[in-house]
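The values are calculated or read from the model by the stated rules, or taken from the named source; none is laboratory data. What you see is a predicted model, and the numbers here were worked out from it, not measured in a lab. All Cβ positions, even for glycine, are placed from backbone atoms using ideal geometry, and neighbour counts span all protein chains on display. Note: accessible area is taken over every heavy atom of the protein model, side chains too, but ligands, DNA and RNA are not part of it. Shrake-Rupley method; radii C 1.70, N 1.55, O 1.52, S 1.80 Å.
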Amino acid sequence: MEHLAERLAAIPAVVAVTLGGSRATGTAVEGSDWDFGLYYRGGLDPADITALGWPGRVFAPGEWGTIVNGGAWLTVDGAKVDLIYRDLDEVLRWTAAAGDGRFEIRREVGYVAGIATYILAGELALGRVLAGDLPRPAFPPRLLQTAPDAWFRLAAGALSFAGVYAGRQDRVACLANLCQAVLATGQGRLAAAGEWVLNEKRLTERAGLDAIQDRLAQPGPELDALVSDVRARLGLDDPVWAVRPAD
């Protein structure tokens, strides 16, 4: 790992390398990928990563989205290695914003409820620095209030629209909104506890929402009853969504 980090740190524009994901948090299982964060300044040229000679697919910065950015899926000595690009100036900008309690929730592939821009600060907090120098922020006190409020409001809105789609017998849209409501509630609960969330893996378990996950696994034919059940279990009360949107 240290030898790999040394080679990654030598890539032009890379100023720091981290180990992230389950390998950094001690939750890896057999076969887990190795996730390395490449923090760069200026332009990162994908050709410099291809030149390392490892088989796989290399993407350009920004190709995966505004927050997820880009990276590479490689195989190194038989192991799956994921490289994740991080524009350090952008990371520091959103980390400072999180310190003030400011953030945005954006749409990204792989995130049902959305991705919060403060995830970039969370990666700094949880990742293991292998090369270079990076800040290690604690969960900001101001974020303890602003993040739960935003996530719970999103969850309440999704619940409201789930009811609309239930009335139309639109099963897919109803279930999709219920799933978003549950995941957003999980985000809010963990934010209120000052816990970083980097993705939605095992989010319901971490947030104590296993029973709702079991309920959604067997939704049954009555959508109205399902929405009412999930609403009661989540216990959300947001005045903005107190009245259901018109059909």
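Side notes on the structure shown:
- Of the residues making up region 45-61, those that are among the aliphatic types (A, V, I, L, M), open to solvent by 10 Å² or more (accessible area, probe 1.4 Å) and either under 21 Å from LEU120 (Cβ atoms) or assigned to a strand (DSSP E or B) (or both) number 2.
- First in region 60-77 and more than 24 Å from ALA116 (Cβ to Cβ) and in contact (Cβ under 8 Å) with a residue 12 or more places away in the chain, second anywhere and open to solvent by 40 Å² or more (accessible area, probe 1.4 Å) and among the aromatic types (Phe, Trp, Tyr), Cβ under 6 Å, 6 or more apart: LEU74/TRP54; VAL76/TRP54
- Enumeration of residues in region 64-94 that are over 15 Å from the mean Cα position of the chain (by Cα) and closer than 22 Å to ALA147 by Cβ: GLU90, LEU92, ARG93
- Close pairs from region 88-109: first farther than 16 Å from GLU123 by Cα, partner among the aliphatic types (A, V, I, L, M) and part of a helix (DSSP H, G or I), Cβ under 6 Å, at least 6 apart: GLY101/LEU143
- Boolean, ALA150 is open to solvent by 20 Å² or more (accessible area, probe 1.4 Å), assigned to a helix (DSSP H, G or I) and small (Gly, Ala, Ser): yes
- Positions within region 90-129 being open to solvent by 50 Å² or more (accessible area, probe 1.4 Å) and within 25 Å of ARG23 (Cβ to Cβ), in sequence order: GLU90, LEU92, VAL109, GLY110, VAL112, LEU126, ARG128, VAL129
- Within region 26-44, the set of residues being farther than 17 Å from ASP87 by Cα and assigned to a loop (DSSP other than H, G, I, E, B) comprises GLY26, THR27, ALA28, VAL29, GLU30, GLY31, SER32, ASP33.
- Subset of region 62-89 (residues that are buried (at least 16 other Cβ atoms within 10 Å of the Cβ) and touching a Pro at 6+ places or on another chain (Cβ under 8 Å)): ASN69, GLY70, ALA72, LEU74, TYR85, ASP87
- Those residues of region 3-44 which are touching a residue at least 12 places away in the same chain (Cβ under 8 Å), open to solvent by 70 Å² or more (accessible area, probe 1.4 Å) and of a type in the set (Asp, Glu), in sequence order: GLU6
- Residues (farther than 20 Å from LEU126 by Cβ and part of a loop (DSSP other than H, G, I, E, B)) located in region 180-211: GLY208, LEU209
- Of all residues in region 168-192, exactly one satisfies the criterion of being surrounded by 13 or more Cβ atoms within 10 Å (Cβ to Cβ), of a type in the set (Lys, Arg) and either farther than 18 Å from ARG233 by Cα or touching a helix residue (DSSP H, G or I) at 6+ places or on another chain (Cβ under 6 Å) (or both), namely ARG171.
- Any chance GLU195 is under 22 Å from ARG142 (Cα atoms), within 18 Å of the chain's Cα centre (by Cα) and either open to solvent by 60 Å² or more (accessible area, probe 1.4 Å) or without any contact (Cβ under 8 Å) to a residue 60 or more places away in the chain (or both): yes
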